[in-house]
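The values are calculated or read from the model by the stated rules, or taken from the named source; none is laboratory data. Since the model is a prediction, treat every value here as computed from it, not as a measurement. Cβ coordinates were reconstructed from backbone atoms using ideal geometry, including for glycine residues, and neighbour counts include every protein chain displayed. What goes into the accessible areas is simple: the full protein's heavy atoms, side chains included, and nothing from ligands, DNA or RNA. Shrake-Rupley method; radii C 1.70, N 1.55, O 1.52, S 1.80 Å.
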Amino acid sequence: MTPKVIIDCDPGHDDAIAIMMAGRLTEVLGITTVSGNAPLNLTTENALIMTELLDLDVDVHAGADRPLLLAPRHAAEAHGRTGLDGPVRPEITLEVASNDAVAFIIETVRNNDDVWLVPIGPLTNIALALRQAPDIVDRVAGVSIMGGSAGAGNVTATGEFNLWADPHAASIVFDAGFKKLLMAGLNLTHQFGIDKQLISDLRDLRNRAGIFAADLFDFYLASYQKRTHGERAPLHDPCAILAVTHPGLFRFESRNVRVETEGTHTRGMTVVDERGWGEGPLNCEVEYSIDRDQGMRVFLEAVSAYT
Ligand code: BDR
Ligand code: CA
């Protein structure tokens, strides 16, 4: 059965690719946007660029323009000022369906069985939805997050961007008691990297989606290599889609995971209890490995399915 998803995102190059994949591998019930890689007006415009470019019949709802308690922070060093630097920015005619992403999430989960929430930006919208409507915890099929890490961070030594940007929201989500909470953290997404070969494979598809993805990756790979000297740039957000559509590609371990909201040096850290005998509930399925080659094949096939 094709999974039904709501993508909560802050495009972002990898968010844009996640939307592209989801458009062919899932039934996307809606896209909600949040302040993150860029300010909300830009992440929302970027989501609209993707739905228009891909001709997806999916509404975009704008959400929170700031984290719950902290000041908004963005990631221009990775994604450029627009959040989607690189390709020529397409003109768009589409407009948002609403400015109330939280209401859309609550209503859609209440009115549809087995919805997956796929948050791939800061968790502000999801936390606000949980506060207003705690009943959605038991209604959803699960939550598949890109965020956190069972290992190193990226903004700081321990903080991954999405959780670091709004740790208070993340803490609400991790503590909510979802029956399935999947975490694609940096320890996992760094195994799912794109390189020059993949970019050339995308160009060879010779369709609009493939060329746009290749243009996005030219910028994303160069900006990643400049900052880290790494060879492959991690394709973070699509991992959260694949965890729903192709769970067999992953190795999961049930863990207790809590989010640090107060630490002096550990803001937004996911504290993953790997002892095996800790007392906390096993609230999270942490992803530890992915079959990269097979995952990339799935990705290329999804992109090639666009005209
Ligand atoms: C996460 O932060 C953003 O920059 C990416 O879009 C991804 O969701 C990786 O830390
Ligand atoms: Ca993102």
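Give the accessible surface of the stretch 4-304 per residue, rounded to a whole number of Å², with probe radius 1.4 Å and ligands, DNA and RNA excluded. Show your work: numbers first, answer last.
Details: 12090 Å² over 301 residues.
Heavy-atom accessible area per residue stands at 40 Å².
Here the Gaussian network model covers the chain, with springs between Cα atoms less than 10 Å apart; of 241, 17, 211, 211 fluctuates the most.
A simple charge model with +1 on the Cβ of Lys and Arg, -1 on the Cβ of Asp and Glu and nothing else charged puts the dipole of the stretch 88-232 at about 320 debye relative to its Cα centre. For residue 179, the lysines whose Cα comes closer than 25 Å to its Cα, not counting residues fewer than 8 places off in the same chain, are 4.
Each Lys and Arg contributes +1 and each Asp and Glu -1, all at the Cβ; summed about the Cα centre of the chain, the dipole is approximately 480 debye. Applied to the stretch 16-32, the Karplus parametrisation 6.51 cos²θ - 1.76 cosθ + 1.60 on θ = phi - 60° returns per-residue 3J(HN,Hα) values of 4, 5, 4, 4, 4, 5, 4, x, 10, 10, 9, 9, 8, 7, x, 10, 10 Hz, with x for Gly and Pro. Maximal additional length on extending the residue 227-residue 207 stretch stands at 4.2 nm, based on 0.36 nm per residue less the C-alpha distance. Along the Cα-to-Cβ line of residue 76, 7 Å from the Cα, sits a label point; which residues in the stretch 17-39 have backbone N less than 15 Å from it? Under cut-off, by backbone N: 36-39.
Does the stretch 4-304 come out rounded, prolate or oblate, given a ≥ b ≥ c as the square roots of the eigenvalues of its C-alpha gyration tensor, rounded meaning a/c under 1.5 and, failing that, prolate meaning a/b above b/c? Since a/c stays below 1.5, the shape of the stretch 4-304 is classed as rounded. Using a probe radius of 1.4 angstrom, the carbon and sulfur fraction of the accessible surface of the chain is 47%.
Between the stretch 177-206 and the stretch 225-273, what's the alpha-carbon centroid distance in Å? Value for the Cα centre distance between the two parts: 11 Å.
Quick one: among 44, 26, 228, which has the greatest mean-square fluctuation in a GNM of the chain with alpha-carbon springs under 10 angstrom? The residue that fluctuates most here is 228. Across 160, 91, 45, mean-square fluctuation computed from a Gaussian network of the chain (C-alpha pairs under 10 Å connected) peaks at 91.
Tell me, in nm to one decimal, what length is gained between residue 113 and residue 301 on full extension, where the rule is 0.36 nm per residue of separation less the Cα-Cα distance?
Numbers: separation 188, 0.36 × 188 = 67.68 nm, distance 2.81 nm.
So the extension gain works out to 64.9 nm.
Mind checking the full-extension length gain between residue 274 and residue 65? Use 0.36 nm per residue of separation minus the Cα-Cα distance, one decimal, nm. Kindly include the intermediate steps, with their values, before the conclusion.
Working: separation 209, 0.36 × 209 = 75.24 nm, distance 3.48 nm.
This chain segment gains 71.8 nm when fully extended.
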